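The values are calculated or read from the model by the stated rules, or taken from the named source; none is laboratory data. These numbers were taken from a predicted model, which means no experiment stands behind them. With ideal geometry, Cβ positions are generated from the backbone for all residues, glycine too; neighbour counts draw on all protein chains shown. Side chains included, ligands, DNA and RNA excluded: accessible areas come from the protein's heavy atoms. Shrake-Rupley method; radii C 1.70, N 1.55, O 1.52, S 1.80 Å.
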Amino acid sequence: MRTAYSVETVRAAERELMARLPEGALMQRAAAGLAAACAELLGRVYGSRVVLLVGSGDNGGDALYAGARLARRGAGVAAVLLARPERTHPGGLAALLRAGGSVVTPDAAPQVIERADLVLDGIVGIGGKGGLRPDAEALAGVVERSRAAVVAVDLPSGVEADTGEVRGAAIRADLTATFGTHKPGLLIDPGREYAGTVRLVDIGLELPPSAELEALQHADVARLLPRPAAESDKYRRGVVGIAAGSARYPGAAVLAVSGALRGGAGAVRYVGPAGDAVIARFPETLVSDRGPAKAGRVQAWVVGPGAGDDATTVAEALTADVPVLIDADGLRLAERDAVRGRTAPTLMTPHAGEAAALLGVRREEVEGARLAAVRELAAVYRATVLLKGSTTLVADSRGGAVRVNPTGTGWLATAGSGDVLSGLAGSLLAAGLSTLDAGSVAAYLHGLAGRFAAQGAPVGAHDVAARIPEAWRDVRS
């Protein structure tokens, strides 16, 4: 499992390690890994032109020492100092000059950046907040317009390490060499978009077991996937109930069922007005028109996709003493107190617009601060929340590490895709997974299926559902 830690935790681990190492040894470890990453990106170091953007902190020192290593291998290295020389890391600056590097003023920076093969961003470290200063902001624009490859030191300048928030201009990197551990801002949009490819440089940090973020990998998902035993039957494997669709939106019911049938439960019960459409497409579905309370035994409910204004069905599903997943119209129709008062687990799956409506804020606020939004929703509703989007996050109401989904593609932003995800997650709930695991595993498989279905071209939600078995097999292989 990939993990990310807060700035406070990283700083504490760094202090503990530095107390055991000779002075400057930790920075040299970081600089060696950083220089190796730059050399790999350049392909040929000798004769290349490298520009260092150097701030006053340790990130600037890392950049200077890495620049010195590249200069000793024959690169032409110029450092743009954004602080006065006396505030620049003295050891790093001396090492660069001894290796044959040079220093240029910020005024001359645009000319050298335009000719550069690689720009190394060491302006602001992981403690930076509140956006770039005007001189750094101007350089970010120059770098954006250049043809140079861009490598960020630990984190792109302008991205907040703990949240991924970007308040104004930021350096957009092709590669980020991050030290010791991932930082949350490298895994969460909008920050993730600026990080490019992330390369983890091991510097020997000893970190606690409890992380700020977790990202499941294939092995983690494979371990969580339900697997029928020899004595299993359809009821022992779990039955998921789907209360979805309406006369206006029958397709939502069909798509939710399509995801549920591929999610590991032994049977799917459908309740709602789209029964004919569901049976026509999936004859194995158990269909009822008697409402959730009288539909028969289920181990989990999915309620809300395409429900229109059917608040009665949503309220009835919330009274069930089994896990309930609430999506789409169900999020609007569910009474907050009814959700908060549930004793059985609840999983809510809003996109940014729905999350904004639930929190009473603008959509842009949710998209700009996704981690804060998913945590707040989970706390307010006392539910596990899966916040869909370019970075899908899953937060448990009891706190702990937030899960960030590493799979997916922009082509998943298509009508009905969320209905498939809801059915898939609901089926995993019925099969016995916790709300946190069901949401995380469903997002992972859904994202992987989206990649398999798209392969660089537009897809429909039904295409994504059809590729879930392939994603499942890929994870298990």
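Remarks
- Antiparallel %, DSSP beta bridges [both residues in the chain], to 5: 15
- Per the Cα gyration tensor, the chain maps to an equivalent ellipsoid with semi-axes of 49, 20, 20 Å, ordered largest to smallest.
- A 1.4 Å probe over all protein chains sorts Asp276, Asp62 by accessible area into Asp276, Asp62, starting with the largest.
- For His218, solvent-accessible area (1.4 Å; no DNA, RNA or ligand), Å²: 60
- Degrees between helix 7-18 axis and first principal axis of the chain (Cα, 0 to 90, nearest 10): 50
- Which of Leu139, Leu42 is most accessible, then next, and so on - probe 1.4 Å: Leu42, Leu139
- Using a probe of 1.4 Å, the accessible surface attributed to Ile203 totals some 10 Å² when neighbouring protein chains are kept in position.
- Helix 58-72 axis versus longest C-alpha principal axis of the chain: approximately 60°, rounded to the nearest ten.
- In Å², nearest 10: area of Leu200 left accessible to a 1.4 Å probe: 90
- Heavy-atom accessible area order for Arg73, Arg44, Arg269, largest first, 1.4 Å probe: Arg44, Arg73, Arg269
- Here is the list for the stretch 320-415: trypsin sites (Lys or Arg not before Pro) lying in DSSP coil, each with at most 13 other C-beta atoms within 10 angstrom of its C-beta, are Arg362, Arg398.
- Cα-based values for the stretch 16-91, radius of gyration first and Dmax second, are 12.9, 39 Å.
- Note that the stretch 396-456 presents 30 Å² accessible area per residue, ligands and nucleic acids not counted, probe 1.4 Å.
- In the context of the full set of protein chains, residues of the stretch 192-270 present 47 Å² of accessible surface per residue (probe radius 1.4 Å, heavy atoms only).
- Per atom type, the stretch 340-388 shows carbon and sulfur on 51% of its accessible surface, probed at 1.4 Å.
- Trypsin sites (Lys or Arg not before Pro) within the stretch 164-196, DSSP loop, no more than 16 other Cβ atoms inside 10 Å: Arg167
- For Leu52, the residues whose modelled amide H falls within less than 5 Å of its own, excluding neighbours fewer than 5 places apart on the same chain, are Ala78, Ala79, Val80, Leu120.
- Compared with the alpha-carbon gap, the fully stretched path from Glu8 to Ala379 is longer by 131.3 nm at 0.36 nm per residue.
- Exposed-loop-free span, longest in the chain, where chymotrypsin sites (Phe, Trp or Tyr not before Pro) count as exposed if DSSP calls them loop and at most 16 other C-beta atoms lie within 10 Å: 236-477
- Modelled FRET efficiency - R0 41 Å, Gln217 with Ala315, Cβ distances, 0.05 increments: 0.60
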